[in-house]
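Notes follow once the structure below has been shown.
Just so it is clear, none of the values below were taken in a lab; they were calculated from the coordinates. Everything numeric here is computed off the predicted structure, so don't read it as measured data. Using ideal geometry, Cβ is built from the backbone for each residue, glycine included, and neighbour counts are taken over all protein chains shown.
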Amino acid sequence: MSKLEIVRLGHPALRSKSKPVTKREIATKDFQKFVDELAAICDKNNGAGIAAPQVGVNKRVIVVHVDPNNPRYPGKKPFPLAIIINPKVISSSKRIKEDWEGDLSCGLRALVPRPDKCVVIGLDRDSNPVKYDLDYDFHARVFQHEIDHLDGVFLIDKVKRVDTISEIAEWEKYWKNKKI
């Protein structure tokens, strides 16, 4: 059973820059257990992704997993469980798409503009280099959202249309089925 808990908006870890993880640290049993627990807490909370700062750990680690059975993301293309260490966006499209985002660390949703495609590099859990060419906009969005967490950036920092910042119940009532 995981001892990790998701921290909420206002926790200092969510606004701090995370430190890179060394290959030596990646090889440790403690780190391997941590990434397993991070992936488990993401799935348990029906997330499409999670970043280490969301459990109060300022290390450059993200998990992305778009499960087709996740009730929060019906109709989204699946993305297999991926653990990315020291991820970095190395290129992104000039085309910006505004779409809804939420966060496991708060009960808010808002329209967030982001490039609709990007390329991300990093390391896998065995310290092997990985590269993701993300041309499906939802996957590109999830990766960018989680990488932002590593730099202390929260989705509300990116919102242009502040009138869309909503608590989930109000989003469902006023925005969910509204054409944007």
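Tabulated data
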| item | result |
| --- | --- |
| Relative contact order of the chain, pairs being alpha-carbon contacts under 8 Å that are 6 or more residues apart, as % | 23 |
| Using alpha carbons only: equivalent-ellipsoid semi-axes of segment 26-113, gyration tensor based, whole Å | 23, 17, 13 |
| Principal axis dimensions, segment 112-180 - Cα atoms, whole angstrom, descending | 45, 25, 20 |
| Cα gyration tensor, segment 9-76 - rounded (a/c under 1.5), prolate or oblate | oblate |
| Rounded to whole Hz, the Karplus (6.51, -1.76, 1.60) HN-Hα couplings of segment 173-180, x for glycine and proline | 6, 10, 10, 3, 9, 7, 6, 9 |
| Nonlocal amide H pairs with Gly56, under 5 Å, H built at 1.01 Å | Val7 |
| The chain: most fluctuating residue of Gln32, Gln144, Gln54 per GNM, C-alpha cutoff 10 Å | Gln32 |
| Acute angle (nearest 10 degrees) that the helix 29-44 long axis makes with the longest principal axis of the chain, alpha-carbon atoms | 20 |
| Cross-link partners of Lys17 among aspartates and glutamates (Cα-Cα below 17 Å; sequence separation of 8 or more within a chain) | Glu146, Asp148, Asp151, Asp157 |
| Ordering of 35-47, 56-68, 10-22 by packing [mean C-beta count within 10 Å, highest first] | 56-68, 35-47, 10-22 |
| Sequence-separation-based contact order of segment 56-161, relative, with Cα cut under 8 Å and 6+ spacing, percent | 25 |
| Computed log₁₀ I(q)/I(0) - Debye formula, equal Cα scatterers, no solvent, the chain, q 0.09, 0.14, 0.16, 0.20 Å⁻¹ | -0.29, -0.73, -0.98, -1.56 |
| FRET efficiency, Asp151 to Thr22 (Cβ-Cβ, R0 22 Å, nearest 0.05) | 0.70 |
| Violating pairs (Cα-Cα greater than 26 angstrom) within the set Lys88/Lys160; Lys3/Lys76; Lys59/Lys176; Lys3/Lys59 | Lys3/Lys76; Lys59/Lys176 |
| Taking Arg95, Arg114, Arg125 and counting other C-beta atoms within 10 Å, the order from fewest to most | Arg95, Arg125, Arg114 |
| Stretch gain in nm, segment Arg8-Lys29, where the contour uses 0.36 nm per residue and the Cα spacing is subtracted | 4.8 nm |
| Angle between the chain longest axis and helix 137-150 axis [Cα atoms, degrees, rounded to 10] | 60 |
| Helical contribution to [θ] at 222 nm, DSSP H n ≥ 4, -39,500 (n - 2.57), averaged over the chain, rounded to 500 | -7000 deg cm²/dmol |
| Pairwise label distance in nanometres, Val162 with Ile90, each label 7 Å out on the Cα-Cβ vector | 3.8 |
